[in-house]
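Reviewing the structure listed below.
All of the numbers you see were taken from the coordinates with simple rules; none came from a lab. The structure presented is a predicted model; accordingly, all values stated were derived computationally and were not measured. Because the Cβ atoms are built from the backbone with ideal geometry, glycine has one as well, and the counts that use them run over all protein chains shown.
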Amino acid sequence: MQCEMDLSRLEIQQKGALLAELEGELGSEKARYKRLKSEIARLEQRTERLAVVLKQKEDEIEQLEEILVDRDNVIEELERQIGDLAEVQSVHS
């Protein structure tokens, strides 16, 4: 009977130690969860800022492409005018 009681006490001590260990792990995991949650929030904010910057850059590229098209049109018109002038000058020569 004494042996059974000693075994029961030993089991209780072991389970108590295991419980304390698991509570420690739970505390560590909760802290890790909070850190990860905070990091995710920070990364989401950064992603939102970068999305705004990306949109601005896309708009800038679009504007630059429009400027290039306009420039190409001006160049084509100038080349046409030069060709017309060359024809006029060859007729008068």
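With a ≥ b ≥ c taken as the square roots of the eigenvalues of the C-alpha gyration tensor of the stretch 40-93, please select rounded if a/c is under 1.5 and otherwise prolate if a/b is larger than b/c or oblate if it is not? Don't jump to the answer; show the numbers that get you there.
Details: a/c = 13.50, a/b = 11.67, b/c = 1.16.
Note, shape of the stretch 40-93 comes out prolate.
Any idea what angle helix 2-92 forms with the longest principal axis of the chain, computed on alpha-carbon atoms, 0 to 90 degrees, nearest 10?
In the chain, helix 2-92 runs at an angle near 0 degrees to the longest axis.
Can you give the extra length, in nm with one decimal, that the chain gains between residue 55 and residue 69 once fully stretched, where that is 0.36 nm per residue apart less the Cα-Cα distance?
Taking residue 55 through residue 69 to full extension adds about 2.9 nm, to one decimal.
Add +1 for every Lys or Arg and -1 for every Asp or Glu among the other residues with Cβ under 13 Å from the Cβ of residue 85, and state the total.
Values: positive: 80; negative: 77, 79, 84, 87.
Combined, the nearby Lys, Arg, Asp and Glu give -3.
Build a GNM of the chain with springs between Cα atoms under 10 Å: which of 20, 41, 51 gets the top mean-square fluctuation?
Judging by the Gaussian network model, the answer is 20.
On a straight-distance basis, which aspartates and glutamates could pair with residue 37 in a cross-link, Cα separation under 19 angstrom, same-chain partners fewer than 8 positions away excluded?
Partners found: 25, 29, 48.
Which residue fluctuates most in the GNM of the chain (Cα springs below 10 Å): 55, 15, 37?
Looking only at 55, 15, 37, the largest GNM fluctuation is found for 15.
Please give the net charge around residue 23, taking every other residue with its beta carbon less than 12 angstrom from that of residue 23, where Lys and Arg add +1 and Asp and Glu add -1.
The answer is -2.
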